Amino acid sequence: MIAVVDYGVGNLASLDAALRRAGAEDVRITRSHVDILAAQAVVLPGVGRFGHCANELRRLGLDVMVRAARDRGIPLLGLCVGMQLLFDESEEDPGTPGLGLCRGRVRRLRGDVRVPHTGWNRVRIVRPHPWLAGIPDEAHFYFVHSYAVEPVDERAIVGTVDHGGAVTAAVGGDGMLGLQFHPEKSGAMGTSALRSFVRATAR
């Protein structure tokens, strides 16, 4: 079972449908602590402000459950603001902590660029990750964001996107991946990315 964390934020129905298209047979949109800790993998979505997402996750006690799932080695996929929540903090809402699963902070897109960064853009794969197996370099994905993560350890960066310079589009480590783009809105290539995740975490 793949548990999609339901804290009232994110395109949950679209994500559920996208995961099923990608081959997931059992997807559960849930805020049940039992479900999250029993899952074969956990997906943390997110849309909107970092602070609102972080506060709602915390209000429901789901921040503790996501950390516990990570501690138990349950695979974790963060999407859009869900990816940003994996980090320590964000300039968008100073003083509101993230999950602290990745060291670093989230900063507003800088330079003479359009903010938010909206639309299709190419993702350059800078380091392989098993959950993105089969995704070609420079594949197009759909983005909607005004902030991007800046990891302390640049080796955590899996993919970048060019928006006035290289901006982090994907981060990862053992048993964890964060994607700034929306795979559920990214057509066939987004389905391929989710399919790779579903297959890699099947048990």
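For the reader, a short list of remarks on this structure follows.
- Inside the range 92-119, residues that are of a type in the set (A, V, I, L, M, F, W, C) and in contact with a helix residue (DSSP H, G or I) (Cβ under 9 Å, 6 or more places away or on another chain) make up a count of 4.
- No other residue among VAL106, VAL149, VAL158, VAL113 is in a loop (DSSP other than H, G, I, E, B) and in contact with a Gly (Cβ under 9 Å, 6 or more places away or on another chain) apart from VAL113.
- Residue that is aliphatic (A, V, I, L, M) and touching a Leu at 6+ places or on another chain (Cβ under 7 Å), where the choices are ALA156, ALA166, ALA193: ALA193
Every number in this text was worked out from the coordinates using simple rules, so none of it is lab data. Keep in mind the model is a prediction, meaning the values are calculated, not measured. Cβ atoms come from the backbone with ideal geometry, glycine included; neighbour counts cover every protein chain shown.
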